[in-house]
Amino acid sequence: MGANHRDPDPEVVLRVKSLEKVLSDKGLIDPEAIDTLVDFYENKVGPQNGAKVVARAWSDPEYKKRLLADGTSAISELGFSGMQGEDMVVVENTPKTHNLIVCTLCSCYPWPVLGLPPVWYKSPPYRSRAVKDPRGILSEFGLDLSEEIEVRVWDSTAEVRYMVLPERPEGTDALSEEELAELITRDSMIGVERVEYKES
Ligand code: FE
């Protein structure tokens, strides 16, 4: 783990927890409201940024080229940058290749595009099995890949944060960039699911 992976300082974590307890004991905050807030950043605010990046890449081939060549600068074109996103590498899913991201050492995650990492991403079973048995992990997420598809696992290092550019689903040619962005899930940008589209 260590300073390079920039996990929160244990002392800071302890202080935050202590503050939360004091404020909640005094009836000044509701711990459930805090959980709701964290959930909001985990699932809503954060991943919406990544979804905009993916939708742009699907809609604009020149942007996609820039994104795959230099993730950090292409992502910052859309205004997303900052901590844990200083050195971004975007890896593209294709019919032949499926990418999966992990941090085997701790919980490094591309905050500017995905927000806060989900609990399972930080869990030891995911971190160890993503490398040893990626197909098994993917299958548990409901994604059974045929043997012909190569699975590549990207382990976040001290500086580099990865994001998956998922495959654009069939039948979406007529959708606007905004409509495309709504289809793109957090988990598809981690690489544990595909982006689905059902014509209505
Ligand atoms: Fe890490």
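The values are calculated or read from the model by the stated rules, or taken from the named source; none is laboratory data. Only a predicted model underlies this, so the values are computations on that prediction, with no experimental measurement involved. Heads up, the Cβs are rebuilt from the backbone with ideal geometry, glycines too, and the neighbour counts pull from every protein chain shown. Just the protein is used for accessible areas: all its heavy atoms, side chains included, with ligands, DNA and RNA removed. Shrake-Rupley method; radii C 1.70, N 1.55, O 1.52, S 1.80 Å.
Within the range 157-200, the set of residues being open to solvent by less than 10 Å² (accessible area, probe 1.4 Å), closer than 17 Å to Ile75 by Cβ and among the hydroxyl-bearing types (Ser, Thr, Tyr) comprises just one member, Ser188.
Condition check ((1) outside any helix (DSSP H, G or I); (2) away from the ligand (no atom under 16 Å from the Cβ); (3) without any contact (Cβ under 8 Å) to a residue 24 or more places away in the chain; (4) among the acidic types (Asp, Glu)) across all residues:
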position: Glu11; (1), (2), (3), (4): no, yes, yes, yes
position: Ser18; (1), (2), (3), (4): no, yes, yes, no
position: Lys21; (1), (2), (3), (4): no, yes, yes, no
position: Gly46; (1), (2), (3), (4): no, yes, no, no
position: Tyr63; (1), (2), (3), (4): no, yes, yes, no
position: Gly82; (1), (2), (3), (4): yes, yes, no, no
position: Leu100; (1), (2), (3), (4): yes, no, no, no
position: Thr104; (1), (2), (3), (4): yes, no, no, no
position: Cys108; (1), (2), (3), (4): yes, no, no, no
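If you go through the range 24-37 and pick out every residue that is open to solvent by 60 Å² or more (accessible area, probe 1.4 Å) and part of a helix (DSSP H, G or I), you end up with 5.
May I ask you to list the residues in the range 87-98 that are in a loop (DSSP other than H, G, I, E, B) and more than 15 Å from the chain's Cα centre (by Cα)? Result: Thr94, Pro95, Lys96. Is there any pair linking a residue in the range 154-176 that is assigned to a strand (DSSP E or B) to one that is of a type in the set (Asp, Glu), with Cβ under 6 Å and at least six apart or on different chains, and which? Filtered contacts from the range 154-176: Val160/Asp87; Leu165/Glu92. Restricted to the range 116-138, and to residues there that are within 16 Å of the ligand (Cβ to nearest atom) and outside any helix (DSSP H, G or I), the residue that is most open to solvent (accessible area, probe 1.4 Å) is Leu116. Evaluating Glu20 against the criteria (1) under 24 Å from Ser123 (Cα atoms); (2) within 16 Å of the chain's Cα centre (by Cα) leaves one unmet condition, (2).
Of the residues making up the range 38-69, those that are in contact with a strand residue (DSSP E or B) (Cβ under 7 Å, 6 or more places away or on another chain), of a type in the set (A, V, I, L, M, F, W, C) and either open to solvent by 50 Å² or more (accessible area, probe 1.4 Å) or within 20 Å of Glu196 (Cβ to Cβ) (or both) are Val54, Ala57, Leu68. In this entry, Asp144 passes the filter for residues that are free of Cβ contacts under 8 Å to residues at least 24 places away in the same chain and touching a Leu at 6+ places or on another chain (Cβ under 8 Å).
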